[in-house]
Amino acid sequence: MKKLNKKLLTISMVASLLVGCASTDPYKAQSDDDFTYNPDMSFAMNVVDGSLGFHNGLRDADKPENSNLGSNGLDYAADAIIGSAFGGGVGGAFLSMLGENQANAPLNRTYGIAYIPINDKSKEEINRAFEKVDLDTKHTILNNFQLSFLKEVVDQKRNYKYFYFKGEPCLTYLKAIGDKSNDDECVFGGYAEKQLLSISTSTPDGKKGLFAVIGLPRMSTGQFFNFYSSPEYYVFYPRGFVSSFPFVIHNGKAYLFIKPNNQGESFLSINDLRKVNPKVDNYF
C-alpha cells in the first residue's frame with residue numbers, strides 16, 4: 001500500500017487545480033448549447049471552444065503564405081513545423097509563432113473530451129456513458145500494454161480518479177516522469193472526475209445523433225495512451241509538455257491551431273509528430 005501511495009503522490013504532481021465550478025449534479029449538463037462547427041476556426045479550436053465554450057487564450061495562427069499544411073501535405077507539414085521547409089527562416093518564425101500560443105488554466109494541462117453516443121437524456125444513459133469512459137480507459141491500456149489492472153481509486157479531496165496497473169511499462173512511464181524508484185506498479189491513467197459538459201446532436205468531426213459530451217479535466221500523463229486513436233475522444237495537449245506548440249489528438253492525428261483555408265485542415269500524423277519532438281515517444 002505504501003508503494004501505491006507513493007505513485008499516487010507522483011501522479012498528483014502532474015495535475016493542476018481545476019479552475020471554474022462544475023455542476024453539483026453530475027447528471028445535469030453544464031451547458032444547454034449544442035455543438036456548432038465554426039468554419040472560420042481550425043478543427044482544433046472547434047474541438048476546444050465548441051465543446052467547452054471557452055478557449056482561455058488559445059488562438060489560431062495564420063497559415064504561412066504558399067505553404068501546404070493540409071491533408072495532402074503531411075510530410076511537408078512535418079518539415080514546416082520543424083522549420084526546414086521554408087526558405088529564409090520562415091519556417092523557424094512559424095514555429096516560434098505557434099510556440100507562443102499558451103492557454104490559461106484549465107487549458108494549461110491536458111484536457112480530454114469524449115462524445116459518447118446515447119439513446120436519450122436519461123440518468124441511466126448518462127451513467128452508461130460515464131461508465132464507458134472508465135471501461136475504455138482500462139481496456140485500451142490493457143490492449144496496448146503488457147500490464148495487469150490493479151484497481152481504481154477516487155480521491156474525494158482532489159476529486160480525481162486514478163487507475164492503478166502493474167507491469168514492465170510502468171517502469172518506462174515512471175522513468176519518463178522522473179521517478180527513480182524502479183517499481184513496476186503505477187498510476188497509468190487518471191483524470192479529474194468526469195463532467196457532463198452538454199448533450200449534443202453532432203460531433204466536431206461531423207457525426208450526427210445524440211451524444212453525451214464528457215469533459216476529462218487534468219488528465220495525467222499515463223492517460224495519453226488511451227485516446228490518441230479513438231474516434232470518440234478528443235484530447236487537447238498544451239504547449240510545453242510533448243511539443244513546443246498546442247494541438248488536439250483525434251483519431252490518430254494531431255490537429256494544429258492554424259486557421260483553415262481551401263487546402264483543408266492542418267494536422268500531423270503521430271509519426272510526423274515524432275519528427276517534431278522525440279519526447280513524443282514517451283507518450284504515444
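General observations
- Charge sum, other residues only, whose C-beta stays under 12 Å from residue 123's C-beta, Lys/Arg counted +1 and Asp/Glu -1: -1
- Ordering of 249-255, 54-60 by burial proxy (mean other Cβ atoms within 10 Å per residue, highest first): 249-255, 54-60
- Subset of 138/166; 207/259; 157/180 violating a 24 Å alpha-carbon distance limit: 157/180
- Summary of packing: across the peptides 160-169, 211-220, the per-residue average of other C-beta atoms within 10 Å ranks them, highest first, as 211-220, 160-169.
Bear in mind that the values in this text are calculations on the coordinates, not laboratory data. For clarity, every value in this text was computed on a predicted model and none was experimentally measured. We place every Cβ from the backbone using ideal geometry, glycine too, and count neighbours over all the protein chains shown.
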